[in-house]
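What follows is a set of notes on a single structure, which appears directly below.
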Amino acid sequence: MKKILLIILVLVIANCKKNEKNYKFTSKINTSEIDTNDDKKVDTKGFYFEEPNFIRLVFNEMDSNLDGFSDLFIWVGSHTAPKKDSQMRDVVKVHEEIDDDFDGKIDQIKWLLPNEFIALVQKDRDKDGYFETTEYFNFKKTSVRTEIDTDFNGRADIFYWSVRAEIDDDSDGIPEYVTLAPTLLILEDRITKFKSSTVEEKVKMLEFKKLNPQDSWLLNPSLIPPDQKAIIGSGM
């Protein structure tokens, strides 16, 4: 759906093209408004620069649920090898901000690579304005690692893979504990209990083992199975 709207916007802008010198300092960004469902209300707005031979789209804003409020913001770049005689440079999405539940607050920030590979997604799960959760993706566009900053110090302290979790309990950047489980749901439940326990209670939790730094997947990415490796590193 998002790709279709971008294509529509590109075609409309291309039809409005003028022949002007590009990138004059303090140049005004042009806009194009579109009603994609013919209800006589604008639901998509594009912001673009004009070059002598091309139109360069830089930002796109959408009202995807048609309630009159923007809920999807897309920053885009341009393909470095445009098609010959094309009036519009091919769009490459690089960043998205999404209001998933349409409450007027951004819940998810997505960073993309060429060909719409997802590098990472940041999430504000508790609606406090702090994006404490970061998901990292592989080239199959599958989330393979999740990091959570539970103490809000700007550094993750919990690290999930599909069947493994590592915990940095003292926030020194080195995980001290590891737990294994057959599902992510079980891992999350264990971590919740661990984080709410006292030091004495943590010692008695047999499902958690002390982790030698040399055995940490976070600190030694070469230990991670190929299907669990993300495109980029831990972000620490």
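The values are calculated or read from the model by the stated rules, or taken from the named source; none is laboratory data. Predicted, not measured: the structure shown is a model, and the values here were computed from it. In this analysis, Cβ positions are derived from the backbone assuming ideal geometry, glycine residues included, and neighbour counts consider all displayed protein chains.
Numbers at a glance
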item: Failed item, numbered, when residue 155 is tested on (1) at pLDDT below 95; (2) touching a helix residue (DSSP H, G or I) at 6+ places or on another chain (Cβ under 8 Å); (3) among the basic types (Lys, Arg); result: (2)
item: Within the stretch 135-154, considering residues that are closer than 13 Å to residue 168 by Cα and not charged (D, E, K, R), the one surrounded by the most Cβ atoms within 10 Å (Cβ to Cβ); result: 148
item: Any hit, the stretch 183-200, residues being in contact with a helix residue (DSSP H, G or I) (Cβ under 8 Å, 6 or more places away or on another chain), over 23 Å from residue 122 (Cα atoms) and touching a residue at least 12 places away in the same chain (Cβ under 8 Å); result: yes
item: Scope the stretch 201-236; condition aliphatic (A, V, I, L, M) and out of contact with any helix residue (DSSP H, G or I) (no Cβ under 6 Å at 6 or more places or on another chain); matching residues; result: 203, 205, 206, 211, 218, 223, 224, 230, 231, 232, 236
item: Subset of the stretch 26-81 [loosely packed, with under 15 Cβ neighbours inside 10 Å, in contact with a Gly (Cβ under 9 Å, 6 or more places away or on another chain) and among the acidic types (Asp, Glu)]; result: 33
item: Subset of the stretch 170-201 [of a type in the set (Ser, Thr, Tyr), at pLDDT below 95 and closer than 17 Å to residue 155 by Cβ]; result: 171
item: Selection status of residue 103, of a type in the set (Asp, Glu) and surrounded by 18 or more Cβ atoms within 10 Å (Cβ to Cβ); result: no
